[in-house]
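To keep things clear, I will list the structure first and then write my remarks on it.
The values are calculated or read from the model by the stated rules, or taken from the named source; none is laboratory data. As the structure is a computational prediction, the values presented were derived from the model and not from experiment. Virtual Cβ from ideal backbone geometry, glycine too; neighbours counted across all protein chains shown. Keep in mind that these areas ignore ligands, DNA and RNA; they rest on the heavy atoms of the full protein, side chains included. Shrake-Rupley method; radii C 1.70, N 1.55, O 1.52, S 1.80 Å.
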Amino acid sequence: QIEFQNYLTKLLKWRKGCRCITEGEMLHFVPIDDNVYVYFRYLKDTKCDVDLSVPAVMVMVNFSANAVTVDMARFREILVGRTTATDVVANKDYSPNLLKSIKIKSHDILILILN
């Protein structure tokens with residue numbers, strides 16, 4: 001219980017200070033093989049385009065019993081101009097894989113902050 005409480009506390013504190021979560025737009029993608037669901041939260045600029053001057057958030061949910069490698073080229077439209085990706089909970093750097101592929105564990109959720 002303590003491990004889950006720490007996880008939830010960290011996530012809720014982060015969420016509170018993340019504008020794209022509280023004020024942003026949502027972009028959904030069709031699930032991959034009905035197993036991996038991916039969506040983005042982002043802010044728009046004055047021209048109603050994706051605002052690259054503020055962080056965006058990518059959420060990946062793997063419903064599969066197996067780890068899945070996700071081809072990031074599929075999300076090019078929202079990733080263009082982003083160079084860093086950091087796991088919000090584990091603080092792991094996914095930047096080298098941002099435009100290639102990211103592996104997500106079975107029954108896992110990965111939340112990345114994108115800059």
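A compact table of results
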| item | result |
| --- | --- |
| Cα gyration tensor category, rounded, prolate or oblate, for the chain with a/c compared to 1.5 | oblate |
| Whole-percent carbon and sulfur share, accessible surface of the range 41-114, 1.4 Å | 52 percent |
| Relative contact order [Cα under 8 Å, 6+ residues apart], the range 22-115, whole percent | 30 percent |
| Where the chain is the region considered: accessible area per residue in Å², 1.4 Å probe | 63 Å² |
| Förster radius 25 Å - calculated FRET efficiency between ASP93 and GLN5, Cβ distance, rounded to 0.05 | 0.45 |
| Hits among aspartates and glutamates - C-alpha to C-alpha of LYS44 under 18 Å, sequence gap 8 or more where chains match | GLU23, GLU25, GLU77 |
| Residue (of PRO31, THR9, TYR42) at the positive-pole extreme of the range 1-51, dipole from beta-carbon charges | THR9 |
